[in-house]
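**Student:** Here you go, one structure.
Throughout, read-outs are computed from the coordinates displayed, never taken from laboratory work. Everything numeric here is computed off the predicted structure, so don't read it as measured data. A quick note on method: Cβ atoms are made from the backbone with ideal geometry, for glycine too, and the neighbour counts reach across all protein chains shown.
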């Protein structure tokens, strides 16, 4: 059931930080629209470390949105690829802290594209830095590529979508090469690339490599946002004062 406007859970979404003189925070409207359609209110989360604990205390869930690339050199994962466009160092550090603190609180988390990779990297996963170069002979995933994804049986993601195979929209050239325990792979593309991960021990912690917010909110991709918002609403209800 969709919450009424007065009872919509508050969901924090990490924006894209533009470095330099302007230091501007941006968020594509499709994230806010998808969450609103599913019954939540979105709040853009500034990359301000001093505010993080305070804001997470108010939140019912966290969405880790898409963005640019990782500075793998800073992560200790080897030299950063020449084709990469790393996010600002302050955003990368903030996002890693955000994941750690959100998981500690067992807040519902949905990671999208860069956000899924962030969940993996934060737990020790390895990255493909530039596709398809790192997987010669395999398909392109950048520029809004449309392709199928195979959902793992008995996964939470399979339960959400209710089918074994879905079509998705991708906009990425980096991807997870591995999933680090305790995260589990819950979807792959037909060529074996990791497309989704989930954390079974968490109340709700999922990452998808595709962009569900670019699809029709009333179609299959809307189920992902609805399931996330339902988890956030339950979290808010459980923490509400009596």
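**Student:** What is the spin-label model distance, in nm, from residue 185 to residue 33 if the labels are put 7 Å beyond Cα along the C-beta direction?
**Tutor:** Each label point is offset 7 Å from its Cα along the Cβ direction, giving 3.4 nm.
**Student:** Let me ask something else. Run a plain Debye calculation on region 30-167 (Cα atoms as equal point scatterers, no solvent) and give log10 I(q)/I(0) at q = 0.09, 0.19 Å⁻¹, rounded to two decimals, same order as the q list.
**Tutor:** Treating every Cα as an identical point scatterer, log10 I(q)/I(0) equals -0.33, -1.36.
**Student:** Along the principal axes of its C-alpha atoms, what lengths does the chain span, in descending order and rounded to whole Å?
**Tutor:** That gives 56, 46, 31 Å along the principal axes, largest extent first.
**Student:** Hey, another quick one. Can you give me the pair-distance distribution of region 195-242, C-alpha pairs, 10 Å bins, whole percents?
**Tutor:** Spelled out per bin, shortest first, that is 23, 45, 26, 6, 0.
**Student:** Please state the relative contact order of region 5-239 as a whole percent: Cα pairs under 8 Å, 6+ residues apart?
**Tutor:** Relative contact order, region 5-239: 21 percent.
**Student:** Shape call for region 109-209 from the C-alpha gyration tensor, a ≥ b ≥ c root eigenvalues: rounded (a/c under 1.5), prolate (a/b greater than b/c) or oblate?
**Tutor:** Oblate.
**Student:** Hey, what number do you get for the chain at 222 nm if only DSSP H runs of n ≥ 4 count, each worth -39500 (n - 2.57), divided across all residues, to the nearest 500?
**Tutor:** That calculation yields -9000 deg cm²/dmol at 222 nm.
**Student:** As a footprinting exposure proxy, order 183, 210 by other Cβ within 10 Å, with the fewest listed first.
**Tutor:** In order of increasing Cβ crowding within 10 Å: 183, 210.
**Student:** Sort 68, 154 so that the residue with the fewest other Cβ atoms within 10 Å of its own Cβ comes first and the one with the most comes last.
**Tutor:** 154, 68
**Student:** Neighbour counts of other C-beta atoms within 10 Å: give me 109, 194, 160, 169 arranged from fewest to most. Write out the running numbers ahead of the final one.
**Tutor:** On the way: 109 27, 194 22, 160 18, 169 15.
Taking fewest neighbouring Cβ atoms as first place, the list is 169, 160, 194, 109.
**Student:** Would you please calculate the Kirkwood hydrodynamic radius of region 142-199 over all C-alpha pairs and express it in Å, rounded to one decimal?
**Tutor:** When all Cα pairs of region 142-199 are included, the Kirkwood radius is 11.8 Å.
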